[in-house]
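Notes to accompany the following structure.
Any read-out appearing in this document is the output of simple, stated calculations on the displayed coordinates, not a laboratory observation. Just so we're clear, the structure is a prediction, and the values are computed from it rather than from any experiment. Cβ placement follows ideal geometry from the backbone for every residue including glycine, while neighbour counts extend to all protein chains displayed.
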Amino acid sequence: MFERQNRGLHVVLGLAFFVVVWALPAPSTAEPARVGEPYQLEGNRLVFTNWIYVRPGDVEWVDSEGNSVNADESVSMGPFEAVWAPVDHMPWGIQLKAHKPEGYREWKIEPEYPWEAGGSISIRTILNENGVYKAWGSCQAGNCYFESEDCTNWRRPKLGLIEFEGSTANNLIPHMPIGDVFVDPTSEDERYKSIWVEGGEMPIEELEAIKKKYPDDWGPRVLRWIDGKPHVTRVLGAVSPDGFHWKTLPEPVLMEHCDTHNIGYYDPKLKKYVAYVRTWNALERAPSLPVEENRWDYWLPNARRSIARAESDDFRHFPRSELLLEATPYLAPTDGLYTNCFTWIPGAPEHLMMFPAIRHLHDDTTTIAMLSSPNGKNWHWVPGGEKLIETGPYGRWDGGCVWAIPPLMELADGSFAIRISGHNFPHKYPRGQREIGEKIAVWPHGRIASIEAAEKGEFGTVAVVPKGTKLYLNARTLRTGYIRVAAQYGVRYGDIIPGREFENAIPIVGDQPRAPVQWKDADDLGIELGEPVILLFKMEQAEIFSLEFK
C-alpha cells in the first residue's frame, strides 16, 4: 500500500488535537454531545454485530512517486496515470456473520425450600444490575425473588417481607412486577420501573380527559367498541424503590394500542426513558372517507405487525411512538414483526440487540431473528441472523411457534443464552390444548456473532478507550489459519505502539475462547488506563467472536 508523504504531519496534528481535547473542561449539560473518535467502551467486551467499530478506511490517489494528488484540481492526469492507494487501514476480505445457537438446554430453578415445595417455580422477568441477575417469579407460596451471577446458581435472599410458617427468613415478596423490569439509575424512590399493556373497559369521560390533557399524544386505535362498550388498550407503568413493593401509576404512560410484549429501559446516553412497543405499519386513511361509527378495525387488515419506539424525559408520560422496524422487502409478503425482545450483549451495554419474532401467516409459524444497534434508533439485521431460531417439527414442545424472552444471559460456563418460549400449536390455533414450554437457546463460549475472513483479510478498529490494558480474543482459526494483532496510538494515522507491531505479534491459532494477545516482549497494549487505542488485525481462515479487555 502507498502511504502519504505528509503522514508525519497528520500524526503530529492528530496528537496535538488529542492533547487539546483531553485538556478541555468537561462540556456542560447544555452543550450537544461530542461525536467521533475515540469511543469510550462502557463494558469490557467488544462484539462485532455491525460495522460501527470497524474503520471504514479511506482512499488516496497518488502519482508515480507516491505523492498525494487526491482531488487536486490543479493536477491534470490521464485516466490511468494516478494510482489508487487505500489508507487508514481500509478493511478487506472480511464479513460479519450471526451464529445460530447450538441447541437448547433445560433451564429452571428447582424448588429447595418448604415455601417452594409442591409445585414448580415460574420466572416472569430477569434483569442484570451491576453484574447480578435478578429474577422475579412465583412459587408454591406466592411471589418470589432470586439472584445469581451466572443464571445457573440462584440465591434466595432472606428479605424478611412475607411470613411463611412463622418465619420471614425467605425470598417471598408482596408484589410481582407485571411487565419486564428495568433499572432507573437516576432515582432512589423509583429505582425499578416496568411497563405493560392493558386492555379493558374505561369510562368515556376518563378517556376524553386524557385526550384533552394530551391532545397530540394518543393514538386513535386505543378505542374499540366490544358489545357496545368502550374497550381501551393502553400502556401502564409501575414504579418501585426495591423491586418488591410496586405502585401502579394512576394514568397510562402511553396511550396507544400496543398489544403485548412491550419493553422499557433508561438510556444513560440520551438521559431519557425509552419504550419499544408492538404496533402496525398502517398508512394514513383517506381523509375524504369518514370512519364508520363504532368501527375500530379499519386499520387492521392492510397493516403488518411492526415495532415502534417512544422516548420521554418523564416516565409518567410518553409521546406517541414512531415506527422503528417493519418487515423488510426481503421477507415474504405474509410476514410481520411480532415481539421485539430488546436486550444487550452481556459485558457490553453499548451493544444493543433485538431478537424479534417474525410471524409467518402462510403457515402460522414464527422464527427468531437477530438485530443490533449502536444507539437504539438505528437497527441493523445481522447477516445470517434472519432465521436464527425456527419453529420446531410438529409434535415437539416448540412445534407451533417460538418466542424469545429477554435478557441475553451469560451462564456459568461463559455461554450466552436466551429464554425461548415454545408452543405446541400454532399461534392462532384453537388454544384449548395449548401447552407452553420453556428452554434456553445456547451459544457456547458466547459466540453469537463474528467477523471472519474465509481466506486472508485485514481491518482496524475505530479508536476506543477500553476498560483494561490487556486484550483477549474469543477466536477460532483453521489449522492453516492465524490471527495477528498490532496496536496503534489512538489517533488517525498514529504510530504503531513500540513492540506491538505485526511482526512481533505471536499468532493466535486454533479454537481459543480466551486467547491472550501477546507480542514477543509484551503482553499488554502499551497504553495507560484511560488512553485510546486502535487495534489492527491480520487474519486468514479465521473468525473473531469478541474482544475482551482486562
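A few remarks follow.
- Across every direction, the projection of the convex hull enclosing the Cα atoms of region 151-251 has a mean area of 10.4 nm².
- Relative intensity, log₁₀ I(q)/I(0), of region 202-349 from a Debye sum that treats every alpha carbon as a point, q = 0.10 Å⁻¹: -0.41
- Value of relative contact order over region 110-176, rounded to a whole percent, pairs C-alpha under 8 Å and six or more apart: 23
- Under Karplus coefficients 6.51, -1.76 and 1.60, residue-wise ³J(HN,Hα) of region 532-548 in Hz, glycine/proline x: x, 8, 10, 9, 10, 10, 10, 9, 9, 6, 9, 9, 10, 8, 6, 10, 10
- Applying a threshold of 20 Å to the alpha-carbon distances of Lys158/Lys193; Lys134/Lys387; Lys269/Lys377 flags Lys158/Lys193; Lys134/Lys387 as lying beyond it.
- Relative contact order [Cα under 8 Å, 6+ residues apart], the chain, whole percent: 16
- Contour excess over end-to-end distance, with Cα ends at Tyr113 and His231 and 0.36 nm allotted per residue: 38.2 nm
- Largest-first principal axis extents of the Cα set of the chain (Å): 84, 66, 54
- Listing Ser240, Ser187 from fewest to most neighbouring C-beta atoms within 10 Å gives Ser187, Ser240.
- Straight-distance crosslink candidates among lysines, where the alpha carbon sits under 22 Å from Lys229 and sequence neighbours closer than 8 are dropped: Lys211, Lys212
- Proximal lysines to Lys456, defined as alpha-carbon separation beneath 17 angstrom and excluding residues fewer than eight positions away on the same chain: Lys97, Lys538
- Set of aspartates and glutamates near Lys470 by C-alpha distance (under 18 Å), chain-local residues within fewer than 8 positions excluded: Glu42, Glu501, Asp521, Asp523, Asp524, Glu528, Glu531, Glu548
- Secondary-structure-derived ellipticity at 222 nm for the chain, considering helices only, amounts to -1500 deg cm²/dmol, per-run term -39500 (n - 2.57) for DSSP H runs with n ≥ 4.
- Sites Asp364 and Asp58, calculated FRET efficiency, Cβ-Cβ separation with R0 56 Å, nearest 0.05: 0.65
- Between Asn153 and Asp189, residue separation times 0.36 nm minus the direct Cα-Cα distance comes to 10.0 nm.
- Projected label distance in nm at Tyr214 and Asn70, using a 7 Å step from Cα toward the beta-carbon: 4.9
- Sum of side-chain charges, Leu473 neighbourhood, beta-carbon under 15 Å (Lys, Arg +1; Asp, Glu -1): +2
- In terms of other Cβ atoms within 10 Å, Glu503, Glu540, Glu410 run from fewest to most in the order Glu503, Glu540, Glu410.
- Going by neighbour counts of Cβ atoms within 10 Å, the residues Cys258, Cys401 line up, fewest first, as Cys401, Cys258.
- Per the Cα gyration tensor, region 381-448 maps to an equivalent ellipsoid with semi-axes of 25, 14, 9 Å, ordered largest to smallest.
- The residues neighbouring Ile368, those whose beta-carbon lies less than 12 Å from its own, together hold a net charge of +1 under the Lys/Arg +1, Asp/Glu -1 convention.
- According to the Cα-based calculation, Rg over Rh for region 110-176 is 0.94, with Rh computed by the Kirkwood formula.
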